[in-house]
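The values are calculated or read from the model by the stated rules, or taken from the named source; none is laboratory data. Everything numeric in this text was worked out from a predicted model, so none of it was measured. Neighbour counts are summed over all protein chains in view; Cβ atoms, including those assigned to glycine, are modelled from backbone coordinates with ideal geometry. Heads up: the accessible areas ignore ligands, DNA and RNA and are worked out on the full protein's heavy atoms, side chains in. Shrake-Rupley method; radii C 1.70, N 1.55, O 1.52, S 1.80 Å.
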Amino acid sequence: MRALSEFTLHRPESLAEAVALGGAGGARLLAGGTDLIPNLRRGLEQPTSLVDLSRVRELHQLEEAADGALVIGAGVTLATLTSDPLVARALPALADAARAVAANTHRASATLGGNLCQDTRCVFYNQSEWWRSTNGYCLKRNGTRCHVAPQGERCHAAFCSDLAPVLLVAGAQVQLDGPSGARTLPLAQLYRDDGAAHLALQPGELLVRVRIPPRAADERIAFAKTRVRGGIDFPLAAAAIALHLRDGRIASLRAALSGTNSLPLAIEGTDALEGSAVDDASAKKLRQLVQKQVQPMRSTATPAQYRREAAGTLAERLLRQLAG
């Protein structure tokens, strides 16, 4: 890694000021910096200014709304998510997912918004400038071809947020603010299936907070991930399941994954399992749904087929765990 290039550092104290500064050309927003700073050190980006969001109070709220929804500011740290009693009561799987991210020192700095807006990853991209230039760069940055899929026309870098699958199955919404004003949309609409441009943010727009609706009393959500090392690695596959049983049968089932595609993936077709008992047959159907829809590519040091199998197995295990 190399020294950072020259930049101007701004420290706004209001959301309006942060939006104005973030909308300037060449600016990048900085929260915990656990994703952005390594990219800067590798020369992947060279912004002319950084906008430090740590003093923007609107980004640090964590509260229960009048309707029972859990509202979490984008600047809330992952360490806070692991220990906050509101999170533990309303969505313990979110605390589990936050706890699975990196190490204690990372979680003390990393934020909810940063985790949801992190860059996609690939072994051909997350390298030094020298390495990337020697290999002719890639479609994601400065090149004209994807080394993972040379015949393709888009980047297949993987999105590796641990929090996104939990929030997807929980029905979370995100509030954004930018030069064109504020807007709210389902979390899934924050993403595009393109590793080089995976966020559907407008220029200068930032994530302000996440709103998680209250769950039904008998719905349960669980999270699990697999990675090369149990310490600080990004997920090879991360999965979340939301299950509602009625009279021992599946009343509703939602599944989502990350680490395999260029966006967090909400699994389609799980409504076909409604009315089924949680048994070998339904578990196999869920595993097959996952394995057909995930699209792991050669973007990590681990074979794509292993990640496909791991994603299906994680979903199956979580289903059995929640039913048990």
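Just one of the numbered conditions (1) within 23 Å of the chain's Cα centre (by Cα); (2) farther than 24 Å from residue 212 by Cα; (3) surrounded by fewer than 19 Cβ atoms within 10 Å (Cβ to Cβ) is not true of residue 36; which one?
(3)
Hey, among the residues in the range 284-303 that are surrounded by 18 or more Cβ atoms within 10 Å (Cβ to Cβ) and of a type in the set (A, V, I, L, M, F, W, C), which one's modelled with the lowest pLDDT?
Only one residue tops the list, namely 297.
Go over the candidates 25, 73 one by one and state the one that is closer than 23 Å to residue 208 by Cβ and open to solvent by 30 Å² or more (accessible area, probe 1.4 Å).
Values: 73 fails: open to solvent by 30 Å² or more (accessible area, probe 1.4 Å).
Result of the check over 25, 73: 25.
Could you pull out the residue among 281, 277 that is over 22 Å from residue 192 (Cβ atoms), open to solvent by 20 Å² or more (accessible area, probe 1.4 Å) and in contact (Cβ under 8 Å) with a residue 24 or more places away in the chain? Give the derivation first.
Numbers: 281 fails: in contact (Cβ under 8 Å) with a residue 24 or more places away in the chain.
Matching residue, one of 281, 277: 277.
In the list 90, 108, which residue meets the criterion of being aliphatic (A, V, I, L, M) and crowded, with 17+ Cβ neighbours inside 10 Å? Give the steps one after another, and end with the answer.
Details: 108 fails: crowded, with 17+ Cβ neighbours inside 10 Å.
The unique qualifying residue is 90.
Quick check: anything in the range 134-143 crowded, with 24+ Cβ neighbours inside 10 Å, over 18 Å from the mean Cα position of the chain (by Cα) and within 29 Å of residue 77 (Cβ to Cβ)?
yes
Could you grab me the full set of residues in the range 43-57 that are farther than 28 Å from residue 183 by Cβ and open to solvent by 50 Å² or more (accessible area, probe 1.4 Å)? Steps first, answer last, please.
Applying the first criterion (farther than 28 Å from residue 183 by Cβ) to the range 43-57 yields 43-44, 46.
Matches in the range 43-57: 46 only.
Looking only at the range 111-121, filter to residues that are open to solvent by less than 20 Å² (accessible area, probe 1.4 Å) and of a type outside the set (Gly, Ala, Ser); which one of those is farthest from residue 262 (Cα to Cα)? First the steps, then the outcome.
Going through the range 111-121, the residues open to solvent by less than 20 Å² (accessible area, probe 1.4 Å) turn out to be 111-113, 115-116, 118, 120.
From what is left, the residues that are of a type outside the set (Gly, Ala, Ser) are 111-112, 115-116, 118, 120.
Working: 111: 20, 112: 19, 115: 14, 116: 13, 118: 11, 120: 7 Å.
My answer is 111.
Looking at 180, 161, which one is hydroxyl-bearing (Ser, Thr, Tyr) and either over 18 Å from residue 112 (Cβ atoms) or touching a His at 6+ places or on another chain (Cβ under 6 Å) (or both)? Working first, answer last.
Details: 161 fails: either over 18 Å from residue 112 (Cβ atoms) or touching a His at 6+ places or on another chain (Cβ under 6 Å) (or both).
Selected residue: 180, the only one of 180, 161 that is hydroxyl-bearing (Ser, Thr, Tyr) and either over 18 Å from residue 112 (Cβ atoms) or touching a His at 6+ places or on another chain (Cβ under 6 Å) (or both).
Listed here are the residues, each with its yes/no results for (1) under 18 Å from residue 252 (Cα atoms); (2) within 21 Å of the chain's Cα centre (by Cα); (3) not aliphatic (A, V, I, L, M).
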residue	(1), (2), (3)
275	yes, no, yes
286	yes, no, no
298	no, yes, yes
301	no, yes, no
304	no, yes, no
308	no, yes, yes
321	yes, no, yes
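Which one of 15, 91, 78, 44 is within 22 Å of the chain's Cα centre (by Cα) and over 20 Å from residue 171 (Cα atoms)? Before you say what the answer is, go through the steps one by one.
Numbers: 15 fails: within 22 Å of the chain's Cα centre (by Cα); 91 fails: over 20 Å from residue 171 (Cα atoms); 78 fails: over 20 Å from residue 171 (Cα atoms).
The conditions single out 44.
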